[in-house]
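Peer 1: Got a structure for you, questions after.
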Amino acid sequence: MSLVQPRPPSEDMGKNPDSGDIREQFRDSHDDVESGSEPDIADIERIYRKLDLRIIPAFWVLYFLCAAVRSNVSLAQTMNIDTNHTIFDVLHVDDHQVSTALALFYVCYVVFDLPSNLIMSRLSPHVWMSRIVISVGVIGTCMTAMKAAWSFYLLRLLLGIVIAGMWPGMAYYLTLFYPPSRTGKRIGQYYTAAQLSAAAVGLVSAGFQKMDGVRGYVGFQWMFLVWGVITIAVGILLLWWLPDRPTIPGEQPPKKKYLRWFPRSPPALTGRDAEIHYHDLKRVYHRSAWTLQDLLRVFLDWRLWPLLIMYFGVVGVGIGVQSYATVIIKAINPNLSGIDLSLLSAPIWLMDLAAILLVTPFSDRFHHHRAVFFSVPVLLQILGLLLTTYAG
């Protein structure tokens, strides 16, 4: 964990007449902390609340928008189905081609996930997160101009490349500012954006279908255009809003040539707050080199594999429902209109959100029985799929 590790003094420290004073001030502050004037819990909580206001709302919005751009193609399969203006009709593609395009996204998403995070750990994290959001918005906007299967394939492939690393990158970004004991709660706070995004996309797409034919665009093209432009705008604003990685109090952040082309966001904390925050992180983060033996020990831990298999199934089903929700509903009731299908897809994700909000507190409260909280929802999911498949 490189972000909070103290760096050795610069070799030219002595050439800067002010650097010694800064070092001395920081050393005096550090001595004060060690001599008994440690900050109380209220100060620490206040500092993390300040960080929450700076980071969590921005993460929630960017995750909401990126999830919307990523998933709105599923609604395009049935939008304006009554007037033959679905993505099948406009692009002249069939079910197999749509499935191929959806699969290309996930292939690229998996392949480029690790490289994206390695780059983020080397570059400015807030610039890289903004890059992801802006790129997603650009690709989403370009999907308005799709005319054939090849353009559909290309844009879904590019979307998988540019959005790769977003989720683990957000988690990594949190570790720059929060100790491990505080990251789980924050991840849960912005995780709900995905469920609300899926529900909102379904509800709003009903309105886009009313715009079918306006200025020569069909309903799903308006959807791609509006969501894409909003995402680009938010991505640009994040360059000013998200703070860069924290530095040791009294030290200036390293000047990198590429950063001169980007606006410098104000630091998340300054003064005494920055010192308290630095020492709180230093208390829990320690440099430890991982070896291949450590990695092998993780993979040989038998407790990992049941959870991995269970999560693989849950995510697989979730992606299937997200990609084909309106198609499945249409198969159950062929008489439904395109607007009805969009509206009926929203309750799926609202119930998903309700389950998260209800189950998570009980799972934390009765943490000795977490296996029950894992297993029961999976069994309910299996039961629901069986009823959907064989009912009627």
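Read the figures in this text as sums done on the coordinates, not as results from a lab. Because the structure is a prediction, the values reported are computed rather than measured. Neighbour counts are summed over all protein chains in view; Cβ atoms, including those assigned to glycine, are modelled from backbone coordinates with ideal geometry.
Peer 1: Taking square-rooted eigenvalues a ≥ b ≥ c of the alpha carbon gyration tensor, is segment 94-143 rounded, prolate or oblate, where a/c under 1.5 means rounded and, failing that, a/b exceeding b/c means prolate?
Peer 2: The shape class here is oblate.
Peer 1: For a test of understanding, tell me how many lysine pairs in the chain have Cα atoms under 25 Å apart, given they are 8 or more places apart or on different chains.
Peer 2: Going through the chain pair by pair, I get 11.
Peer 1: Which whole-Hz ³J(HN,Hα) couplings does segment 148-164 yield from phi under the Karplus relation 6.51 cos²θ - 1.76 cosθ + 1.60, θ = phi - 60°, glycine and proline marked x?
Peer 2: The phi angles translate into 8, 4, 4, 5, 5, 4, 4, 6, 5, 4, 5, 4, x, 5, 6, 8, 4 Hz.
Peer 1: Once fully extended, how much extra length lies between Thr247 and Leu357, figured as 0.36 nm per residue of separation less the alpha-carbon to alpha-carbon distance?
Peer 2: That pair, Thr247 and Leu357, stretches by 36.1 nm at full extension.
Peer 1: Using the beta-carbon distance between Arg260 and Val378 and R0 = 51 Å, what value does 1/(1 + (r/R0)^6) give for FRET efficiency, to the nearest 0.05?
Peer 2: 0.50
Peer 1: Can you list the residues, at least 5 places off or on another chain, whose amide H is less than 5 Å from the amide H of Asn80, using H built in the peptide plane?
Peer 2: Here the answer is Gly338, Ile339, since their amide H atoms fall under 5 Å of that of Asn80.
Peer 1: Same structure again: Exposure proxy check: Arg70, Arg215, Arg272 ranked by fewest other beta carbons within 10 Å?
Peer 2: Ranking Arg70, Arg215, Arg272 by Cβ neighbours within 10 Å, fewest first, gives Arg215, Arg272, Arg70.
Peer 1: What is the calculated FRET efficiency for His368 to Leu307, with r their C-beta to C-beta distance and R₀ = 22 Å, to the nearest 0.05?
Peer 2: Efficiency, rounded to the nearest 0.05: 0.85.
Peer 1: May I ask for the angle, rounded to the nearest 10°, between helix 125-142 and the longest principal axis of the chain, with both axes built from Cα atoms and the value confined to 0 to 90°?
Peer 2: The answer is roughly 20 degrees.
Peer 1: Rank Trp128, Phe208, Ala194 by how far each Cα sits towards the positive end of the charge dipole of segment 38-290 (+1 on Lys, Arg Cβ; -1 on Asp, Glu Cβ) and give me just the farthest.
Peer 2: Among Trp128, Phe208, Ala194, the one farthest towards the positive end of the dipole of segment 38-290 is Trp128.
Peer 1: Provide the per-residue ³J(HN,Hα) series for segment 184-198, in order, calculated from phi with Karplus coefficients 6.51, -1.76, 1.60 and θ = phi - 60°, each as a whole number of Hz, with x at glycine and proline positions.
Peer 2: Values, residue by residue: x, 4, 5, 4, x, 5, 8, 5, 5, 4, 5, 5, 5, 5, 4 Hz.
Peer 1: If you don't mind, there's one more thing I want to ask. Rounded to the nearest 10 degrees, what's the angle between the helix 271-284 long axis and the longest principal axis of the chain, both from Cα atoms, 0 to 90?
Peer 2: Computed tilt is about 80 degrees.
Peer 1: Another one. Which order do the peptides 328-335, 114-121 come out in when sorted by mean C-beta neighbours inside 10 angstrom, highest first?
Peer 2: 114-121, 328-335
Peer 1: Here is a further query. Return the sequence-ordered ³J(HN,Hα) values of segment 338-355 in whole Hz as given by the Karplus equation 6.51 cos²θ - 1.76 cosθ + 1.60 applied to θ = phi - 60°, using x for Gly and Pro.
Peer 2: Residue by residue, segment 338-355 yields x, 5, 4, 5, 5, 5, 6, 6, 5, x, 4, 7, 5, 5, 4, 4, 4, 5 Hz.
Peer 1: With a cut-off of 8 Å between alpha carbons and a minimum separation of six or more residues, what is the relative contact order of segment 38-290 in percent?
Peer 2: After rounding, I find 32 percent.
Peer 1: Hey, another quick one. Please get the size of the charge dipole for the chain, origin at its Cα centre, with Cβ charges of +1 on Lys and Arg and -1 on Asp and Glu, quoted in debye to the nearest 20.
Peer 2: 560
Peer 1: Would you compute, from DSSP H runs of 4+ residues alone, the mean residue ellipticity of the chain at 222 nm, taking -39500 (n - 2.57) per run and dividing by the full residue count, rounded to the nearest 500?
Peer 2: -24500 deg cm²/dmol
Peer 1: Along the Cα→Cβ direction, 7 angstrom out, place labels at Val111 and Thr175. What is the inter-label distance in nm?
Peer 2: Computed distance between label sites Val111 and Thr175 equals 2.6 nm.
Peer 1: Treating the angle as unsigned and between 0 and 90°, give the value, to the nearest 10°, between the Cα long axis of helix 95-111 and the longest Cα principal axis of the chain.
Peer 2: 10
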